[in-house]
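Please treat every number below as a calculation from the coordinates, not as lab data. Remember, predicted model here, so these are calculated numbers, not experimental data. All Cβ positions, glycine included, derive from the backbone under ideal geometry; neighbour counts span all protein chains shown.
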Amino acid sequence: MSSVDTTIQLIRTGAIPGTVCSPDLADGPWVFDRQPEPSYGPGSSMGDIIPVGSPRQGQLPAEYRTASNNELAARIHAAKQTLGDRVVVLGHFYQRDEVVQFADFIGDSFQLANAARSTPAAEAIVFCGVHFMAETADILAGPHQSVIPPNLAAGCSMADMADIDSVEECWEQLAELYGTQPDADGRAPIIPVTYMNSSAALKGFCGDHGGIVCTSSNASTVLEWAFERGQRVLFFPDQHLGRNTAKAMGVPLTRMPMWNPRKPLGGNSRAELADARVILWHGFCSVHKRFSVGQIEKARAEFPGVTVLVHPECPMEVVDAADAAGSTDFIGKAIAAASEPTTFAIGTEINMVNRLATQHPQHTIFSLDPVVCPCSTMYRIHPGYLAWVLEALVRGEVLNQITVPERVAAPARIALERMLAAKPGAPVVPADVIGD
Ligand code: 13P
Ligand code: SF4
């Protein structure tokens with residue numbers, strides 16, 4: 001199976017049939033760095049509104065824009081050889097193959113956060129993922145280390161759906177409603193839990209208010225942690241991960257109101273909030289929103305016996321209709337654990353799905369979504385930018401460094417360390433069809 005980039009190019013030239021959600025995906029990401037109006041760029045988040053002041057990437061020098069993939073690969077390889085242990089390259093599962101091939105560590109956001117803090121020998125951590133992951137690496141890395149995302153415009157539309165001002169405003173309203181005193185069991189009125197996919201400011205907010213960070217691989221463990229310490233949870237920014245996780249833990253949907261930051265009391269009555277167990281922020285991932293129950297029904301009709309695995313950022317109906325849901329790491333391990341040739345339909349980002357299909361030729365593995373539509377922001381990292389930042393390091397120049405100010409980093413570190421101390425939990429939905 002060819003890479004997603006190659007597939008997009010082949011579809012564009014008509015060499016293979018297929019549909020891509022935006023023809024612009026066939027262009028290099030630098031085309032979008034240059035546009036006067038910032039946007040997430042082509043891909044799943046192209047319809048989302050980017051906040052004013054989001055980080056932008058300056059123009060990539062022409063020599064990197066015009067180089068062939070083979071030339072870039074040779075230059076990246078040479079720069080890495082020269083830098084040796086002085087650099088570590090981290091790659092998220094959703095990165096394109098052309099980038100992932102150079103990663104020293106490939107993983108989900110939890111694994112990459114751990115990798116960042118466990119490579120103290122590296123002066124530079126080149127983070128091929130999105131902005132919040134690079135911020136997290138900077139918070140966990142040593143003061144002698146610089147964290148470098150190859151393209152500063154690689155944000156996350158979901159992370160951007162909760163900003164610190166709106167969360168603080170929400171918190172004030174909730175404090176007015178619930179008070180601030182613990183109950184007879186010593187539990188706080190409310191504990192904030194932020195998904196890893198959030199700005200450093202929100203992680204800092206959680207650290208300052210007795211809260212914690214979670215990832216999709218430990219969300220139920222983290223919610224248990226929070227329920228031991230609080231009567232209820234404010235969960236941001238992803239409503240779906242919050243709902244799917246709490247539902248699997250037995251929290252009724254009627255006790256999970258949604259907080260819309262544009263409405264007073266988030267659009268809820270005082271009675272609804274008084275009864276709440278988990279208050280869900282009105283955020284979502286545009287990659288995972290594309291998956292539907294209809295796609296699962298179609299896969300089941302066409303491939304009887306198919307195993308459907310989805311990420312818990314998918315809507316609840318999709319998670320309910322799947323055989324199992326879990327983090328990117330869970331999906332990879334579930335496939336690796338299948339001993340017999342199996343057909344898998346997957347609901348997560350297309351780069352990861354295609355890679356799994358290549359790695360496991362004994363299985364039939366395909367995306368639930370027939371349209372090729374990668375994450376817009378993961379797509380903003382291209383080998384051209386990787387070569388650019390690595391060759392700069394060889395010259396002694398640090399480009400694109402992410403620095404989280406210590407007043408934000410200190411409380412964010414507390415919230416992250418609480419999470420890292422909690423063990424990664426079980427998949428959100430018991431994986432009864434997987435394994436053995
Ligand atoms: P993981 O935490 O599973 O790596 O997912 C990160 C992400 O961005 C999912 O959309
Ligand atoms: Fe953000 Fe969704 Fe992309 Fe993950 S897949 S980085 S949550 S937009």
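Which value, in debye to the nearest 20, describes the size of the charge dipole of the stretch 288-436 about its Cα centre when Lys and Arg Cβ atoms bear +1, Asp and Glu Cβ atoms bear -1, and nothing else is charged?
460
Per residue of the stretch 129-146, in order, report the coupling 6.51 cos²θ - 1.76 cosθ + 1.60 (Karplus, θ = phi - 60°) as ³J(HN,Hα) in whole Hz, putting x for Gly and Pro.
x, 10, 4, 5, 5, 5, 4, 4, 4, 5, 5, 8, 6, x, x, 7, 9, 10
On full extension of the chain, what length is gained from Leu420 through Glu168, given 0.36 nm per residue of separation minus the C-alpha to C-alpha distance?
Result: 88.2 nm gained on full extension.
Among Pro252, Pro42, Pro383, whose mean-square fluctuation peaks in a Gaussian network model of the chain (Cα, cutoff 10 Å)?
The residue with the greatest mean-square fluctuation here is Pro252.
With only alpha-carbon atoms counted, please give the Rg and Dmax of the stretch 247-398, in Å.
When restricted to the Cα atoms of the stretch 247-398, Rg and Dmax are 19.9, 62 Å.
Most fluctuating residue of Glu168, Glu176, Glu417 in a GNM of the chain with Cα springs under 10 Å: which is it?
For the chain, modelled as a Gaussian network with Cα springs under 10 Å, the answer is Glu176.
Suppose we keep just the alpha-carbon trace of the chain; what are its Rg and Dmax in angstrom?
Final numbers for Rg and Dmax: 21.4, 68 Å.
What residues qualify as long-range amide H neighbours of Asp238, i.e. H under 5 Å apart, gap of 5 or more or another chain, H built at 1.01 Å from N?
Under 5 Å from the amide H of Asp238 lie the amide H atoms of Tyr195, each far enough along the sequence or on another chain.
Based on Cβ point charges of +1 for Lys and Arg and -1 for Asp and Glu, what charge dipole magnitude is obtained for the stretch 64-153 about its Cα centre, in debye rounded to the nearest 20?
My answer is approximately 160 debye.
Quick one: Karplus J couplings for the stretch 265-273, per residue in order, coefficients 6.51, -1.76, 1.60, θ = phi - 60°, nearest Hz, x for Gly and Pro?
In residue order, the calculated couplings are 6, x, x, 10, 7, 4, 5, 4, 6 Hz.
If you check each cysteine of the chain for another cysteine whose beta-carbon is under 4.7 Å away, which ones come up empty?
Cys128, Cys156, Cys170, Cys206, Cys214, Cys285, Cys314, Cys375
Could you identify which residue out of Gln359, Gln57, Gln95 has the top mean-square fluctuation in a GNM of the chain using Cα springs shorter than 10 Å?
Between Gln359, Gln57, Gln95, it is Gln359 that shows the largest mean-square fluctuation.
Averaging sequence separations of C-alpha pairs under 8 Å and six or more residues apart, then dividing by the length of the stretch 288-372, give the relative contact order as a whole percent.
The value is 30 percent.
Enter the Cα centre distance for the pair the stretch 181-204 and the stretch 35-87, rounded to the nearest angstrom.
Answer, in whole Å: 35.
If Rh is defined by the Kirkwood formula over all Cα pairs and Rg also comes from Cα, what ratio Rg/Rh do you get for the stretch 288-372?
Rounded to two decimals, Rg/Rh equals 0.91.
Give Lys263/Lys289; Lys80/Lys203; Lys203/Lys247; Lys247/Lys333 a once-over and call out the pairs whose C-alpha atoms are over 26 Å from each other.
In this structure, Lys80/Lys203 exceed 26 Å between Cα atoms.
Can you give me the C-alpha center-to-center distance between the stretch 113-161 and the stretch 205-247, rounded to a whole angstrom?
22
Relative contact order for the chain: what percent, with Cα pairs under 8 Å and sequence separation of 6 or more?
Relative contact order, the chain: 23 percent.
Treating each Cα of the stretch 161-285 as an identical point scatterer and ignoring solvent, apply the Debye formula and state log10 I(q)/I(0) at q = 0.10, 0.11, 0.12 Å⁻¹.
So the normalised log intensities are -0.25, -0.30, -0.36.
Positive end of the dipole of the stretch 101-180, charges at C-beta (+1 Lys, Arg; -1 Asp, Glu), about the Cα centre: which of Gly129, Ala115, Gln101 has its Cα farthest in that direction?
Ranked along the dipole, the leading option is Gln101.
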